[in-house]
Amino acid sequence: MSPTENWREFVAAHADGGVLDGVVTRVLPFGAFVEVTHGMEGLLPTVGGTGPLTAGANVAVRLDKLDVQNRRFSLILA
């Protein structure tokens with residue numbers, strides 16, 4: 001499946017805002033990147049008290065903002 005098809009499938013399956021189980025892949029000063037499915041990472045900003053996160057941590061999140069044109073999404077804690 002191409003990256004475009006993966007993106008469309010992901011958006012169709014998760015645009016309703018359901019809870020996703022993810023794994024923190026990188027922690028940066030402004031937030032953490034969380035992989036919610038193979039090859040799909042979103043940003044969980046530190047704004048809003050996400051607390052200290054470490055790479056490899058499991059976290060339950062929801063889609064917050066979806067940028068379809070740029071194939072990006074941000075997350076909030078579930």
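The values are calculated or read from the model by the stated rules, or taken from the named source; none is laboratory data. Quick caveat, the model's predicted, so the values are computed rather than measured. Because the Cβ atoms are built from the backbone with ideal geometry, glycine has one as well, and the counts that use them run over all protein chains shown.
Here are the numbers for the structure shown:
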quantity: Selection from the range 1-55 of residues that are β-branched (Val, Ile, Thr) and in contact (Cβ under 8 Å) with a residue 24 or more places away in the chain; calculated: Val11, Val19, Val23, Val24, Thr25, Val27, Val34, Val36, Thr37, Thr50, Thr54
quantity: Residue satisfying all of: in the range 49-78; of a type in the set (Ser, Thr, Tyr) and assigned to a loop (DSSP other than H, G, I, E, B); modelled with the highest pLDDT among these; calculated: Thr54
quantity: Qualifying positions in the range 51-67 - under 13 Å from the mean Cα position of the chain (by Cα) and surrounded by 10 or more Cβ atoms within 10 Å (Cβ to Cβ); calculated: Val59, Ala60, Val61, Arg62, Leu63, Asp64, Lys65, Leu66
quantity: Flag for Gly17 being touching a Leu at 6+ places or on another chain (Cβ under 7 Å), assigned to a loop (DSSP other than H, G, I, E, B) and surrounded by fewer than 14 Cβ atoms within 10 Å (Cβ to Cβ); calculated: yes
